[in-house]
Amino acid sequence: MTTPLIDPDELAAQLASDAPPVVLDVRYRLDAPDGREAYRAGHVPGAVYVSLDDELAAHGEPEEGRHPLPSPAALQASARRWGLDDDRAVVVYDDWNSFAAARAWWMLADAGVDVRVLDGGWRAWRDAGLPLETGTAAPEPGNITLAAGRLPRLDIDQAAALAQEGVLLDVRAPERFRGEVEPIDPAAGHIPGARNAPTTGNLGPDGRFLPAATLRERYAHLAEAGAGAPETADPTIGVYCGSGVTASHAALALTLAGLRPALYPGSWSQWSNTPGRPIATGDEPGTGRLD
């Protein structure tokens, strides 16, 4: 399997080749959701800015969650604006530990795109001393045709069942999982039966993903609980977060570890806005935090 990651030097070499990838800058942070200004100040040469809020999420009723997936038609229209073609590879990056980039990776991989994440993101590119570009790129419209549904996903009922019958990971911070704090959503706690596995544990101090072998060791106990292998048609490991963004990051880490995770896009923001859904707090017996 080709790794979903690419390092800065490899990307630089590909950009200088006869078949360069399209590079997407998904600059986004919780304290700066609009990354256009940072993008214009400096980005990977040729990179096209992508708005997570406007192009990688839809906006509807609270019961859908804070960042529901856009329709396949809407994603395809955006991808064509970014200059994506059917026969061209894509690389995505951000300046937020690859959280936003992982959201773009999951959506594009789910739609059939050959896409990789720049490991370490914008920080790694700069630290490597590679060229940068300012201003705004204006790509020619692409002709890509997307078809979502290639990666496993869960709806709210499937997530509830998986928490009881398989493995459902809540990748938020431990204090949010336990229900001690909830800064965004209407209720604090977690889906009953879920385990806490903070996604920040998948990264090294440099913001890059830990080696695949290390990630496999981190998640080794899940195999004993029935986690699906890559060839398994019906995966029994799911991931969710607050709104489906950092859960995509966990899905990427699990993919690197050789597992086949299912994403619950609605995540806690959907669950906590849906009347009648039970809520657990604390560290439940047998479902404690994964360090």
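The values are calculated or read from the model by the stated rules, or taken from the named source; none is laboratory data. In this text, all values refer to a predicted model and were calculated from it rather than measured experimentally. Neighbour counts run over all protein chains shown; Cβ positions are idealised from the backbone, glycine included. The accessibility values were calculated without ligands, DNA or RNA, using every heavy atom of the protein model including side chains. Shrake-Rupley method; radii C 1.70, N 1.55, O 1.52, S 1.80 Å.
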Q: Would you mind finding the one in VAL22, VAL48, VAL44, VAL26 that is of a type in the set (Val, Ile, Thr) and under 17 Å from the mean Cα position of the chain (by Cα)?
A: VAL26
Q. Among the residues of the range 37-47, which ones are in contact (Cβ under 8 Å) with a residue 40 or more places away in the chain and surrounded by fewer than 20 Cβ atoms within 10 Å (Cβ to Cβ)?
A. ALA38, ARG40, ALA41, GLY42, PRO45, GLY46
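Inside the range 53-84, can you point out the residues that are charged (D, E, K, R), under 13 Å from LEU108 (Cα atoms) and under 17 Å from the mean Cα position of the chain (by Cα)?
GLU55
Look through the range 84-103, keep the residues that are small (Gly, Ala, Ser) and either surrounded by fewer than 21 Cβ atoms within 10 Å (Cβ to Cβ) or touching a Phe, Trp or Tyr at 6+ places or on another chain (Cβ under 9 Å) (or both), and return whichever of them is farthest from LEU11 (Cα to Cα). Spell out the reasoning first.
Residues of the range 84-103 that are small (Gly, Ala, Ser), as a first pass: 89, 98, 100-102.
Cutting the leftovers down to either surrounded by fewer than 21 Cβ atoms within 10 Å (Cβ to Cβ) or touching a Phe, Trp or Tyr at 6+ places or on another chain (Cβ under 9 Å) (or both) gives us 89, 98, 100-101.
Details: ALA89: 11, SER98: 16, ALA100: 19, ALA101: 15 Å.
Here the answer is ALA100.
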Q. Within the set of pairs 6+ apart or on separate chains, which have a first residue in the range 248-276 that is without any contact (Cβ under 8 Å) to a residue 40 or more places away in the chain and farther than 23 Å from ILE184 by Cβ, a second that is surrounded by 24 or more Cβ atoms within 10 Å (Cβ to Cβ) and of a type in the set (A, V, I, L, M, F, W, C), and C-beta atoms under 8 Å apart?
A. LEU254/ILE237; LEU254/VAL239
Q | So ARG81, is it over 25 Å from TYR264 (Cβ atoms) and in contact (Cβ under 8 Å) with a residue 60 or more places away in the chain | A | yes
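Could you look through the range 134-161, keep only residues that are closer than 18 Å to THR274 by Cα and over 16 Å from the mean Cα position of the chain (by Cα), and pick out the one that is surrounded by the fewest Cβ atoms within 10 Å (Cβ to Cβ)?
ASP157
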Q: Test ASP127 against the criterion of being farther than 19 Å from THR3 by Cα and in contact with a Gly (Cβ under 8 Å, 6 or more places away or on another chain), and give yes or no.
A: yes
Q. Restricting the search to the range 248-279, which residues are under 16 Å from ALA57 (Cα atoms) and open to solvent by 30 Å² or more (accessible area, probe 1.4 Å)?
A. GLN270
Q) Under 7 Å by Cβ, and 6 or more places apart or on different chains, what pairs join a residue from the range 189-203 that is of a type in the set (Phe, Trp, Tyr) with one that is open to solvent by less than 10 Å² (accessible area, probe 1.4 Å) and in a helix (DSSP H, G or I)? A) none
Q) Looking at the range 27-34, is at least one residue of a type in the set (A, V, I, L, M, F, W, C) and within 15 Å of VAL245 (Cβ to Cβ)? A) yes
Q: Kindly state which helices (runs of 4 or more DSSP H) lie completely within the range 167-227 and contain at least 2 residues that are open to solvent by 60 Å² or more (accessible area, probe 1.4 Å).
A: 212-218, 220-224
Q) Looking at the range 1-27, which of the residues that are modelled with pLDDT of 95 or more and over 12 Å from VAL91 (Cα atoms) is surrounded by the fewest Cβ atoms within 10 Å (Cβ to Cβ)? A) ASP18
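Results for (1) within 17 Å of ALA250 (Cα to Cα); (2) charged (D, E, K, R); (3) modelled with pLDDT of 95 or more, shown as yes or no for each residue.
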| residue | (1), (2), (3) |
| --- | --- |
| VAL115 | yes, no, yes |
| GLU133 | no, yes, yes |
| LEU154 | yes, no, yes |
| ALA160 | no, no, yes |
Q) Quick one: how many residues across the range 65-79 are touching a helix residue (DSSP H, G or I) at 6+ places or on another chain (Cβ under 6 Å) and modelled with pLDDT under 95? A) 2
Q.
Just to be sure I understand, how many residues within the range 63-112 are over 22 Å from CYS241 (Cβ atoms) and in contact with a Leu (Cβ under 7 Å, 6 or more places away or on another chain)?
A. 7
